[in-house]
Amino acid sequence: MKKILMIEDDISIVGLVAIHLKDIYCDLTKSHNGQEGLQLAVNNRYDLIILDVMLPEIDGIEICKRIRANKNFTPILMLTARNEEIDKIIGLETGADDYLTKPFSIREFIARVKALLRRAEMVKTEATTTQETIRYQQLIIDPIKRKVTRNDEKIELTPKEFDLLYLFMSNPGKNYSRENLLNLVWGYEFSGYEHTVNSHINRLRTKIEADITAPKYILTTWGIGYRFTDENN
């Protein structure tokens, strides 16, 4: 049975969701304020966190930031009553895995939950079956431990930064458009949010490149997108 944490102050929504999550064999822990929800998130292990943006005490965006800062990579589905583009961008860039705007149909909600749980299982399976560590010069990525080092120093990456780097290093020289990367790394089409890819690439470069003005790992393919270098060591 999957363990899910829902941090949502609308009790009626939580009650409705609880009924349907039980039908798909999920054990739901509920919290109705940000402070309590954050403590539950960082002190317990869950398979999925459902997080409302507008919460008492601490808002969902801040909770998401703190969860990721705590090296907690549990999938996060963010909920909000607002439908502004900037909210979605902020949610995705702070580490959320998916975003659903209220009001939503319960069918779509359950579909998103199943998709996130399925993706998390796929990541675990791939990590245990893909044993090979990938190395390029002083940059090393370990898919099992989800660990990246450069010059023997560990580099802390967010889940999406790791997924981007792993995709690039697994396919050196292959060009990816921003749309491709949204689909492959975020797991579904997120048309119109290509700037989210740009910001993730920029942050990733600041962590792995010695000189971000002259990157040697993640290169820009003008007019297309990005690629990982395939030059000889």
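Here, each number is a calculation from the coordinates, and none is a lab measurement. What you see is a predicted model; the values in this text were computed from it and never measured. Glycine also receives a Cβ, built like all others from the backbone with ideal geometry; neighbour counts cover every protein chain displayed.
Can you compute the charge dipole magnitude of the chain about its Cα centre, using +1 on each Lys and Arg Cβ and -1 on each Asp and Glu Cβ, nothing else charged? Give it in debye, rounded to the nearest 20. Please report the intermediate quantities before stating the final value.
Details: 32 positive and 34 negative charges, 123 e Å.
For this selection, approximately 580 debye.
Highest GNM mean-square fluctuation, the chain, Cα pairs closer than 10 Å: which of T158, T196, T220?
Result: T220 has the largest fluctuation of those listed.
Shape call for the stretch 131-228 from the C-alpha gyration tensor, a ≥ b ≥ c root eigenvalues: rounded (a/c under 1.5), prolate (a/b greater than b/c) or oblate? If you can, show how the numbers build up before the last one.
On the way: a/c = 1.72, a/b = 1.39, b/c = 1.24.
Verdict is prolate for the stretch 131-228.
Given charges of +1 on the Cβ of Lys and Arg and -1 on the Cβ of Asp and Glu, with all other atoms neutral, how large is the dipole of the stretch 2-127 about its Cα centre, in debye to the nearest 20?
On the way: 18 positive and 20 negative charges, 109 e Å.
The dipole of the stretch 2-127 has a size of about 520 debye.
Would you list, by chain and number, the lysines whose Cα falls below 20 Å from the Cα of K114, excluding same-chain residues fewer than 8 positions away?
Cα-Cα hits under 20 Å: K2, K3, K22, K30, K102, K124, K160.
Which residue, L21, A41, L167, has the largest displacement toward the positive end of the dipole of the chain when charges sit on each Cβ (Lys, Arg +1; Asp, Glu -1)?
L167
Around E8, under 11 Å between beta carbons, what's the net of Lys plus Arg minus Asp minus Glu among the other residues? Could the numbers behind the result be given before it?
On the way: positive: K30, K102; negative: D9, D10, D52.
Value of the local net charge: -1.
Can you give the calculated 222 nm mean residue ellipticity of the chain, where each DSSP H run of n ≥ 4 adds -39,500 (n - 2.57) and the sum is split over every residue, rounded to the nearest 500 deg cm²/dmol? Working shown, then result.
Working: 8 runs with 102 residues, N = 233.
Rounded to the nearest 500, the figure is -14000 deg cm²/dmol.
Candidates (1) 18.7; (2) 20.3; (3) 18.1; which is the computed Kirkwood radius over Cα pairs in Å?
(1)
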